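Worksheet for the structure shown next.
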Amino acid sequence: MKKLIIATLLLLPLLGCVHPPTPEALAAADYGPKPENYEETLKNRFLSLMRDPSSAQWNFGAPYKGYAIASPIQGGYVQGYGWFLDLGVNGKNGFGGYTGFQYYRLFYSAGSWHGPCVKHMGGYFCSGVSKS
């Protein structure tokens, strides 16, 4: 119990370090063009990771505007503005049964896909996004 309290106290200062953009910054943000042909692009990206690509099932959401933020350890600043997409992928495992949909949130910015992204404290952390 003592270790848990100490760990909580050490990590507590990091929770308030995320700085979401102001409404003015959101209104002036350049999100870039909406992604095109994203279904084909992302299918190709995921098929190479699947055990049985011919069994793939897809559930694509519609792209929507948003922003990626750095982790609190990196300063919690806005890394970039762009487009998010929610994607569900299902496929067969080694026993021939479907595993169930696995859901991902991906971020599109400057012509590239990044992610998966994780929601935290008013924003999303996305791997591979550099400060714009």
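Checking the stated criteria, Asn37 turns out to be surrounded by fewer than 13 Cβ atoms within 10 Å (Cβ to Cβ), under 30 Å from Ala25 (Cα atoms) and at pLDDT 90 or above.
Close contacts from the stretch 47-59, counting a first residue that is part of a helix (DSSP H, G or I) and a second that is among the small types (Gly, Ala, Ser), with Cβ to Cβ under 6 Å and a gap of 6+ residues or different chains, come to Ser55/Gly91. Looking at the structure I just gave you, is Lys43 over 17 Å from Cys126 (Cα atoms), in a helix (DSSP H, G or I) and within 17 Å of the chain's Cα centre (by Cα)? Considered against the rule, which asks whether it is over 17 Å from Cys126 (Cα atoms), in a helix (DSSP H, G or I) and within 17 Å of the chain's Cα centre (by Cα), Lys43 comes out as yes. Residues that are at pLDDT below 70 number at least 1 in the following strands (runs of 3 or more DSSP E) confined to the stretch 60-132: 117-120, 123-126. Can you work out which of the residues in the stretch 95-110 that are out of contact with any helix residue (DSSP H, G or I) (no Cβ under 8 Å at 6 or more places or on another chain) and in contact (Cβ under 8 Å) with a residue 60 or more places away in the chain is surrounded by the fewest Cβ atoms within 10 Å (Cβ to Cβ)? The qualifying residue surrounded by the fewest Cβ atoms within 10 Å (Cβ to Cβ) is Ala110. All but one of (1) over 18 Å from Phe125 (Cβ atoms); (2) surrounded by 11 or more Cβ atoms within 10 Å (Cβ to Cβ); (3) free of Cβ contacts under 8 Å to residues at least 40 places away in the same chain hold for Asp86, so report the exception by its number. It is condition (1) that Asp86 fails.
The values are calculated or read from the model by the stated rules, or taken from the named source; none is laboratory data. Remember, predicted model here, so these are calculated numbers, not experimental data. We place every Cβ from the backbone using ideal geometry, glycine too, and count neighbours over all the protein chains shown.
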